[in-house]
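Here's the structure, in structure tokens; my notes come after.
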Amino acid sequence: MNDNGMKIISGTGHRALAERIAAAAGVELCDVDITRFPDKEIFVKIRDNVRGDDLFIVQSVSVEPNVYLMELLIMIDAAKRASAARITAVLPFYGYARQDRKDQPRVPITAKLVANLLVAAGADRILCVDLHAQQIQGFFDIPVDHLYGSPVMVKYLRTLNLDNLVVVSPDAGGLKMADAYSKMLGAGIALVGKQRKSAEDVEANHLVGDVEGCNTLLVDDMTSTAGTLTAAAKLLEKAGAKSIRAAVSHSLLMEKGIERLKDSPIVELVTTDTVPQRKWDGFDITVLSMAEPLAEAICRIHNDQSVSSLFNV
């Protein structure tokens, strides 16, 4: 891979993933100091010369999104003032993506605000993975390359040789994702209807499709409290599903979500390393790496090549 003029730096949001990306791209991470003043104000200094370089800044805006978003903005500004030729913000997880529309009175569209901030800071293009809503790409007036976790997860799921498989969307909004998985896996498709009671509590009350005696796979782009997944899983169990697995691109699980999964009929959670993973005890989780697809995308962007072939399984 050509690394002439291409450099990668990392924030503190998910440095382990950035290191894997750099290794897969055949380059070393640039040296950058990220420190805090006593009042927690963030200070960034890029120690390597990036003048005239094609710079990729890797930062997963999760876990502490306010801190890591601000850190990313400051890194972009530092790179711009250091005369980098082009700055690509690589967001394995795009924070605030759930706030993508004004569905209540007097609420913000924070996903658009984040887009404005990234452009104002000096980002020339964006590379991200499995946005919560694809229309977020339209919030930018700069190029956005949008990768998917599904090719990586489908490769793994095929090794399980699950016969009579049905892919299930845990809500109406995820039907398009479920349809994509079903086509790649040659599986059937079903839909769970849910009613959200609060940010953490969900009631699943309708199932469209037949899952009796079938291996089932719940697919979603993210989970934090696992309310949607576990509510859907209980409905599938009542409907006679043979086994229930879940595939989620971004696992933001909090303690409550882990406990819910342990108490649910879900036998395995398949996810990616787009966000740092907590330690698990008593539940089967498979974490697959997005480092190679992201590294390949970075190299292709640098060499002005097509990124769309990365969508193939």
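A few points about this structure:
- N66 vs. criteria outside any loop (DSSP other than H, G, I, E, B) and under 19 Å from V275 (Cα atoms): yes
- Extreme residue, modelled with the lowest pLDDT, among residues of region 256-313 that are of a type in the set (V, I, T) and surrounded by fewer than 16 Cβ atoms within 10 Å (Cβ to Cβ): V313
- Residue check, R98 closer than 30 Å to V211 by Cβ and modelled with pLDDT under 95: yes
- Residue within region 17-31 that is assigned by TED's automatic domain parsing to the domain that holds A111, part of a strand (DSSP E or B) and without any contact (Cβ under 8 Å) to a residue 60 or more places away in the chain present: yes
- Subset of region 270-291 that is in contact (Cβ under 8 Å) with a residue 40 or more places away in the chain and aliphatic (A, V, I, L, M) - its residue that is farthest from M222 (Cα to Cα): A291
- Breaking point among (1) farther than 22 Å from L160 by Cβ; (2) in contact with a Pro (Cβ under 9 Å, 6 or more places away or on another chain), for K279: (2)
- Answer residue from region 227-255, given it is polar (S, T, N, Q) and more than 19 Å from E64 (Cβ to Cβ) and is surrounded by the most Cβ atoms within 10 Å (Cβ to Cβ) among those: S249
- Qualifying residues in region 99-132 (those that are touching a residue at least 40 places away in the same chain (Cβ under 8 Å) and part of a loop (DSSP other than H, G, I, E, B)) - the one farthest from D48 (Cα to Cα): H132
The values are calculated or read from the model by the stated rules, or taken from the named source; none is laboratory data. Note that the coordinates shown come from a computational prediction; the quantities given were computed from them, not determined experimentally. Cβ coordinates were reconstructed from backbone atoms using ideal geometry, including for glycine residues, and neighbour counts include every protein chain displayed.
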